[in-house]
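The values are calculated or read from the model by the stated rules, or taken from the named source; none is laboratory data. Computed from a predicted model, the values in this text were never measured in an experiment. Cβ placement follows ideal geometry from the backbone for every residue including glycine, while neighbour counts extend to all protein chains displayed.
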Amino acid sequence: MRYFVTIGARTLEVAVDGSRVLVDGEAVEAHLAAVSGTPLHHLLLGGQSWTVAAQPLERAGRWVLGVVGERVEVDVADERTRQIQALTATPSTPGGATTIQAPMPGLVVRVEVEVGQRVEPGAGLVVVEAMKMANELRAPRAGVVQTLHVAAGQAVEKGAPLVTLTGSER
């Protein structure tokens, strides 16, 4: 099965055939195992070991990954989905509003933006503390803060809306 993984502006072709994985035509040793009862996965990639948090977002094929304190949103499409998108000219990432959600239950420690503020990709938006770890949630793309759904000191559940970004200035 072939997948197309988009991270930011870069798209990688990932072919999976059993335990054999090719990333852009290059063979990579990869083993993935879920950590039972958590959103965590243990990933052995090219001889290096990683713990990765992986959670689906609202739109099909969109995932948020957390590794080494960084949060990255990725789009994943299989061959069939990619062909349908090409035929229907459906973009893989819409230019409308994007709502950043809490990846886990926690406490909002800090809100780093305000309504109307322009942000660049990777800009810090909100810091949520969970299990005594501070997780800074960052902007997946450039935009303008349309709505703040939370305030510092507020408890949030997994999936709770935190910040909504629009694609253009208001």
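Are any residues in segment 122-170 among the polar types (S, T, N, Q) and either surrounded by fewer than 17 Cβ atoms within 10 Å (Cβ to Cβ) or on the phi > 0 side of the Ramachandran plot (or both), and if so, which ones?
Step one: filter segment 122-170 for residues among the polar types (S, T, N, Q), giving 135, 146-147, 154, 164, 166, 168.
Correct list: GLN146, THR147, GLN154, THR166, SER168.
For (1) within 21 Å of ASP75 (Cβ to Cβ); (2) over 22 Å from the mean Cα position of the chain (by Cα); (3) at pLDDT 90 or above, each residue gets a yes or a no:
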site	(1), (2), (3)
ILE7	yes, no, no
THR11	yes, no, no
ALA15	yes, no, yes
GLU29	no, yes, no
VAL35	no, no, yes
GLY47	no, yes, no
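Out of all the residues in segment 122-161, which are among the β-branched types (Val, Ile, Thr) and more than 16 Å from ARG71 (Cβ to Cβ)? Break it down stepwise before answering.
As a first pass, look at segment 122-161 and keep what is among the β-branched types (Val, Ile, Thr): 126-128, 144-145, 147, 150, 156.
VAL144, VAL145, THR147, VAL150 - these are the residues of segment 122-161 that are among the β-branched types (Val, Ile, Thr) and more than 16 Å from ARG71 (Cβ to Cβ).
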First in segment 39-60 and over 27 Å from ALA160 (Cα atoms), second anywhere and polar (S, T, N, Q) and assigned to a strand (DSSP E or B), Cβ under 9 Å, 6 or more apart: LEU43/SER49; LEU43/THR51
Filtering segment 134-161 down to residues that are in contact with a Lys or Arg (Cβ under 6 Å, 6 or more places away or on another chain) and outside any strand (DSSP E or B) yields ALA152
